[in-house]
Amino acid sequence: MHRSMMQVCVRGSNEAVAFYRNAFDASILCTHFNLDGTIAHAELDIYGQILAISEQAEEEPITGNTMMLCLHFGKGNEHIVRKIYDALNENAKSISPLGACEYSTLQAVLVDQFGVCWCIFV
């Protein structure tokens, strides 16, 4: 089987799994733990897409500063975008506030409390 997923490595992986589970109304598909109790690998189903979460092992993060995780929900799903935005926006840095843009009637870009950059739109 071939599949693709979004993978994030964060400090506070246990908190991140709970945070993203709530933000996306996600179900947990699997969880594997490190010896210290942090997440070695967890997979969440977020609207049919896989978000994988692992504890960041490196002291300094290895960051792709051009990386953004984008979720397109389509017209009629503005309520989903607003709900996710409200949840992800907790302790986040806004890049583009929730509103209309040139390609969407409702879009937002933010960096969440775990340092993950998200673009959500209809």
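All of the numbers you see were taken from the coordinates with simple rules; none came from a lab. Because the structure is predicted, anything quoted here is derived from the model rather than measured. Quick reminder, even Gly has a Cβ in these numbers, built from the backbone with ideal geometry, and neighbours come from all protein chains shown.
Rounded to the nearest 10 degrees, the inclination of helix 78-88 to the longest alpha-carbon principal axis of the chain is 40 degrees. Of the trypsin sites (Lys or Arg not before Pro) found in the range 16-122, those that fall in a DSSP loop while having at most 15 other beta-carbon atoms within 10 Å are 75.
The alpha-carbon atoms of the range 66-122 define a convex hull whose volume equals 71 cubic angstrom per residue. For q = 0.09, 0.17, 0.23 Å⁻¹, what log10 I(q)/I(0) does the chain give under the Debye formula with an equal point scatterer on each alpha carbon and no solvent? Log-scaled intensity ratios, in q order: -0.25, -0.87, -1.45. Phi-derived couplings, Karplus 6.51 cos²θ - 1.76 cosθ + 1.60 at θ = phi - 60°, listed residue by residue for the range 24-40: 9, 6, 8, 9, 8, 8, 7, 9, 10, 10, 7, 4, 7, x, 6, 7, 7 Hz, with x used for Gly and Pro. Take every Cα-Cα pair in the range 1-58 and report what % of them are more than 13 Å apart. The proportion of pairs with Cα distances above 13 Å equals 55 percent.
For the range 1-58, give me the percentage of DSSP beta bridges that are antiparallel, rounded to the nearest 5 percent. Provide the component values of the computation, followed by the final result.
On the way: 11 of 16 bridges.
Approximately 70 percent, going by the DSSP bridge assignments.
Only helices enter the 222 nm calculation for the chain: every DSSP H run of n ≥ 4 contributes -39,500 (n - 2.57), and dividing by all residues gives -5500 deg cm²/dmol, rounded to 500.
Beta-bridge orientation, the chain: approximately 70 percent antiparallel, per DSSP, counting only bridges with both partners inside.
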